[in-house]
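Remarks on the structure that follows.
The values are calculated or read from the model by the stated rules, or taken from the named source; none is laboratory data. Here the structure is a predicted model, which is why all the values come from computation and not from measurement. Cβ placement follows ideal geometry from the backbone for every residue including glycine, while neighbour counts extend to all protein chains displayed. All accessible areas refer to the heavy atoms of the entire protein, side chains included, with ligands and DNA or RNA removed. Shrake-Rupley method; radii C 1.70, N 1.55, O 1.52, S 1.80 Å.
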Amino acid sequence: MHQDNWSLKAKKMGYRSRAVFKLEEILLKLHKNQINKVLDLGSAPGGWSQFIINKYPHSKIIAVDILHMEPIDGVQFIKKNIEDIDSIQLINSQKGKFDLVISDIAPNLTGISAVDNENIYELNKITINLANIYLSEVNSAVVIKTFQNNNFKSLKKEMELFFKIVQTYKPAASKNKSAETYLYGAR
Ligand SMILES: C[S@@+](CC[C@H](N)C(=O)[O-])C[C@H]1O[C@@H](n2cnc3c(N)ncnc32)[C@H](O)[C@@H]1O
């Protein structure tokens, strides 16, 4: 499908972002476990949370972003930097209880690739640590947006320390020319 058509399709379906089709494909292709309790990191404007609550209406979702996110029925939103997530009592009290962590986080780009790559790497590492802490020990998984760059191999290795299965996946809705890709880790 032409890239612009993903945006049109999202709009028609009432989704806030075309990113929903990336998550949909990743989960369809790779995720075999149940989805009951989800932590959505870098959730704004809210497409991924909307998709989860539509597809799994009985699931509980906590969404976190440094930017404001308009409310979504069934989703608890917290405006916070993921680096400070442990200070949120609601989340902190639920360590080991989530079955899915999804992170579509992208840092603000400076245009200096060495700096951008380090920023992405740092946020990705924080996400992996959070997933490790907040996911249950079995039948749980994490989806992380990252980029194909010189840190990619180290990042994947780091994930392999915490997850039994680690897979790389580039969904059709992710622009071919973009270095964006996704890592899926399952326990
Ligand atoms: C590509 S958007 C997410 C789109 C979302 N998955 C959707 O479908 O609507 C990336 C988000 O990550 C957020 N973000 C970047 N750094 C963050 C951080 N340190 N803590 C929390 N959110 C962050 C940005 O504010 C932005 O809203």
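Miscellaneous remarks
- Computed over region 81-186, relative contact order equals 28 percent, with contacts defined as Cα pairs under 8 Å that lie 6+ residues apart.
- Whole-Hz ³J(HN,Hα) from phi, Karplus 6.51 cos²θ - 1.76 cosθ + 1.60, for region 136-153, glycine and proline x: 5, 6, 10, 6, 10, 8, 10, 10, 10, 7, 9, 9, 6, 8, 6, 9, 4, 4
- Across the accessible surface of region 3-186, with the other protein chains kept in place and a 1.4 Å probe, carbon and sulfur atoms take up 51 percent.
- Value at 222 nm in deg cm²/dmol, rounded to 500, when DSSP H runs of n ≥ 4 in the chain each add -39,500 (n - 2.57): -11000 deg cm²/dmol
- For the chain, the orientation-averaged shadow of the C-alpha convex hull comes to 10.1 nm² (one quarter of the hull surface).
- Amide hydrogen proximity for residue 16: with H placed 1.01 Å from N in the peptide plane, the residues at 5 or more positions away or on another chain lying under 5 Å are 47.
- Under 5 Å between amide hydrogens, built in the peptide plane, is the criterion, and for residue 101 it picks out 39, 141, 142, 143 among residues at least 5 positions away or on other chains.
- Counted over the chain, the DSSP beta bridges are approximately 40% antiparallel.
- Of 47, 14, 96, the residue with the greatest mean-square motion in the GNM of the chain, using alpha carbon springs below 10 Å, is 14.
- A simple spin-label model places pseudo-atoms 7 Å from Cα toward Cβ; at residue 86 and residue 157 they are separated by 2.5 nm.
- Within region 1-35, backbone nitrogen closer than 18 Å to the virtual label 7 Å beyond the Cα of residue 73 toward Cβ: 13-16
- Residue-normalised accessible area of the chain, given per residue in Å² at a 1.4 Å probe: 52 Å²
- Ranking by accessible area, most exposed first, for 13, 159 with a 1.4 Å probe: 13, 159
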